[in-house]
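Since the structure comes first, as structure tokens, the remarks are kept for the end.
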Amino acid sequence: MTIKHYEVQTNTVADGWTNTWHENDEPLTFATELSARIALGEFFDELPDDMAMNYVRADYRVHPVLFEQTITLCKGGTGEREVSADAIEIADLWHVAERLDREGMHGMAEDVRTVWHLAHDLRRHIQEG
């Protein structure tokens, strides 16, 4: 799954538009365009007067960036692996529940349906970030 974030980019002589904002040695990104714009506005608002003339607003922009979200499956187990969030498959437990119902095991069938719903809810939560 691809997730959109936003970053503040600076137009540099050497590299063109690039994200020069970092936090803990990692490029700083924002979950929404609005939060990135607010951060950029605060940056300019907080510049000391004697430094403000060295910064040109046109050299900064908010730009979307895309990240591929990966999930670790079977963490710590022998089958541990990284997969794209889009690649998470959920076994069709619904048919198992129907079979249990036909065999009179209604309580077990309901438990399997609950697991099926939880798995789908969890996958949707992961994909929505």
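Residues whose amide H lies under 5 Å from that of TRP21, counting only those 5 or more places away or on a different chain, are LEU28; hydrogens are built 1.01 Å from N in the peptide plane.
Computed from phi, the 3J(HN,Hα) profile of the stretch 102-108 under the Karplus parametrisation 6.51, -1.76, 1.60 (θ = phi - 60°) reads 4, 8, x, 9, 5, x, 5 Hz, with x in place of Gly and Pro. The protection proxy used here, the mean number of other Cβ atoms lying within 10 Å of each residue, ranks peptides 7-16, 28-37 as follows, highest first: 28-37, 7-16. Each Cα pair under 8 Å and six or more residues apart adds its sequence gap; the mean of these over the residue count of the stretch 70-128 is a relative contact order of 27 percent. Subtracting the Cα-Cα distance of TYR55 and PHE43 from 0.36 nm times their residue separation leaves 3.3 nm of extension gain. Among LYS75, LYS4, sorting on how many other beta-carbon atoms sit within 10 Å of each Cβ, with the fewest leading, yields LYS75, LYS4.
Between THR10 and GLU33, full extension at 0.36 nm per residue minus the direct alpha carbon distance yields a gain of 6.7 nm. Measuring nothing but how far apart in sequence close Cα pairs (under 8 Å, 6+ apart) lie, relative to its length, the stretch 2-68 scores a relative contact order of 50 percent.
Only the coordinates and a few stated rules stand behind these numbers; no lab work does. Only a predicted model underlies this, so the values are computations on that prediction, with no experimental measurement involved. Because the Cβ atoms are built from the backbone with ideal geometry, glycine has one as well, and the counts that use them run over all protein chains shown.
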